[in-house]
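Here the structure comes first, spelled out in C-alpha cells, and everything after it is commentary.
The numbers here are math on the coordinates, done by the rules we state, and not lab data. Predicted model only: the values in this text are computed from it and were never measured. All Cβ positions, even for glycine, are placed from backbone atoms using ideal geometry, and neighbour counts span all protein chains on display.
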C-alpha cells in the first residue's frame, strides 16, 4: 500500500507478541494524554502512535533522546519509557542499561521519522550510536533476540552509519508496510486522530527530509545468520 493511501486500516498480523523499542519517542500516561490532547506536546502524539503499534500485536517501550527536566509538564512518565544519554561514552551506556526491564528482550528497534530532518538524523544516529548503543550495549548485554531487526529511515546519513558500524549484518530496503511504526501511524490517522501539528506519514516521508528513495522510505538491518543472506 502506498504511503498516501488512507482508505482503511492495514492488516499487520503478529503471530507472537514481540517487544518493540521505539527510539526518539516518549510514552506518557493516560492522564497526561487526556490533559494535553490538543496541545503541542509531542509525547501525546508519540503515545498515540505507540499504542497504535500495540493494537496490531506488539509490546512497546520508548526511548527519548531529549535531555529535558523530568519534572517538566508532560514529560514521559510511563513505566515503559526509558530516558537515555548514549552519546556520553561506554560508562553512560552501561548505566543506562540499568533502566531496561530485566529479562526482557527486544526483537524490533524502530527509529522514529516524525520531525527528523536529515541534519538531525545525521547528528543523532551516528556510526558510534549504532556500534556502542545497539551492538555493544543492547546486543552484548543480551537485551536483543537472536533475530532482532533495526528498522530506520532510508536516509543517506543513516545508511552510511549502518554500513560503517554493522558490516556483519544484512541491510535491505523494505516496503513501508513492513515497518510496524509506519503501519501503526497510518492506522491511527485512518481512524480519525489528528494532532495539533497535523503531521502524517505522507508529509513526514517527503523528499525534503533527505530520503534516498521515494518508493522505499525505510531500511532493515538483520543479522546475516537469520537473514539467509551473505555479505
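Structure summary
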{"item": "Computed lengthening from residue 115 to residue 160, 0.36 nm per intervening residue step minus Cα-Cα distance", "result": "14.1 nm"}
{"item": "Label-point separation, residue 54 to residue 104 (7 Å along Cα→Cβ), nm", "result": "1.0"}
{"item": "Where labels lie 7 Å past Cα in the beta-carbon direction, separation of residue 31 and residue 191 in nm", "result": "2.3"}
{"item": "Additional length obtainable on full extension of the chain from residue 213 to residue 173, 0.36 nm per residue less Cα span", "result": "13.5 nm"}
